[in-house]
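The values are calculated or read from the model by the stated rules, or taken from the named source; none is laboratory data. A quick note: this is a predicted structure, and the numbers were derived from the prediction, not measured. Cβ placement follows ideal geometry from the backbone for every residue including glycine, while neighbour counts extend to all protein chains displayed. Protein only, heavy atoms only, side chains kept; ligands, DNA and RNA dropped before computing areas. Shrake-Rupley method; radii C 1.70, N 1.55, O 1.52, S 1.80 Å.
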Amino acid sequence: QVQLVESGGGLVQAGDSLRLSCTASGRSYAMGWFRQAPGKEREAVAAIIWDSGLTIDLESGRGRFTISRDKDRNTLYLQMNSLKPEDTAVYYCAARNRHGNFYSQREYNYWGQGTQVTVSS
């Protein structure tokens, strides 16, 4: 069992930057970030293969968001730049034990509790 704890969310203004962190209690094949805005389905943001550091930019994260990890700290990060009000959502980190479809939430084995990001205009 891997426990994931997110942090770093908060209230920011449009154009600001924010870095989310997710500390894992164990190792996994890959980790990712998802987000869920009010009234919308959860969507994939980005993923990273832990050992190699290969990043997979998924649809909602392209261009402004960067995923990274610190292997020594067992921590996943999401650097978010030029934030927009439409980025307002609960952001979740997730971990998976195998390769596959990184968009598919069902393929992730462990989930954090989420951290709220609110971007004001």
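Within segment 105-117, count every residue that is open to solvent by less than 60 Å² (accessible area, probe 1.4 Å), part of a strand (DSSP E or B) and closer than 11 Å to Gly32 by Cα. Reasoning before the result, please.
Looking only at segment 105-117, we keep the residues that are open to solvent by less than 60 Å² (accessible area, probe 1.4 Å), and these are 108, 110, 112, 114-115, 117.
Those left that are additionally part of a strand (DSSP E or B): 110, 115, 117.
If we keep only those that are closer than 11 Å to Gly32 by Cα too, we end up with 110.
Matching residues across segment 105-117 total 1.
When you scan segment 8-19, do you find a residue that is closer than 26 Å to Pro85 by Cα, of a type in the set (D, E, K, R) and either assigned to a loop (DSSP other than H, G, I, E, B) or open to solvent by 20 Å² or more (accessible area, probe 1.4 Å) (or both), even just one? Show your work before the answer.
Initially, segment 8-19 is screened for residues closer than 26 Å to Pro85 by Cα, giving 8-19.
Filter once more, so that each one left must be of a type in the set (D, E, K, R): 16, 19.
Then keep just the ones that are either assigned to a loop (DSSP other than H, G, I, E, B) or open to solvent by 20 Å² or more (accessible area, probe 1.4 Å) (or both); that gives 16, 19.
For segment 8-19, residues closer than 26 Å to Pro85 by Cα, of a type in the set (D, E, K, R) and either assigned to a loop (DSSP other than H, G, I, E, B) or open to solvent by 20 Å² or more (accessible area, probe 1.4 Å) (or both): present.
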(request) Tell me which residues, restricted to segment 74-103, are of a type in the set (Gly, Ala, Ser) and either touching an Asp or Glu at 6+ places or on another chain (Cβ under 8 Å) or free of Cβ contacts under 8 Å to residues at least 40 places away in the same chain (or both). (result) Gly100
(request) Would you confirm whether any residue within segment 46-53 is of a type in the set (S, T, N, Q) and in contact with a strand residue (DSSP E or B) (Cβ under 7 Å, 6 or more places away or on another chain)? (result) no
(message) Condition (residue is at pLDDT 95 or above, open to solvent by 60 Å² or more (accessible area, probe 1.4 Å) and within 16 Å of Thr118 (Cα to Cα)) applied to segment 20-28: is it met by at least one residue?
(response) no
(message) With the structure loaded, tell me whether Ser28 is at negative phi and in a loop (DSSP other than H, G, I, E, B) or whether it fails that test.
(response) yes
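Counting only residues that are of a type in the set (Lys, Arg) and free of Cβ contacts under 8 Å to residues at least 24 places away in the same chain, how many does segment 41-73 have?
Total satisfying the criteria: 3.
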(message) Looking at (1) under 22 Å from Val5 (Cβ atoms); (2) in contact with a strand residue (DSSP E or B) (Cβ under 6 Å, 6 or more places away or on another chain); (3) modelled with pLDDT under 95, which one does Ile56 not meet, given that it meets all the others?
(response) (1)
(message) If I go through segment 32-65 residue by residue, how many of them are surrounded by fewer than 19 Cβ atoms within 10 Å (Cβ to Cβ) and in a strand (DSSP E or B)?
(response) 6
(request) For segment 66-102, enumerate the residues that are touching a Lys or Arg at 6+ places or on another chain (Cβ under 6 Å) and open to solvent by less than 20 Å² (accessible area, probe 1.4 Å). (result) Leu76, Ala89, Tyr91
(request) Could you please find all residues in segment 66-104 being under 14 Å from Ala46 (Cβ atoms) and in a helix (DSSP H, G or I)? (result) Asp87
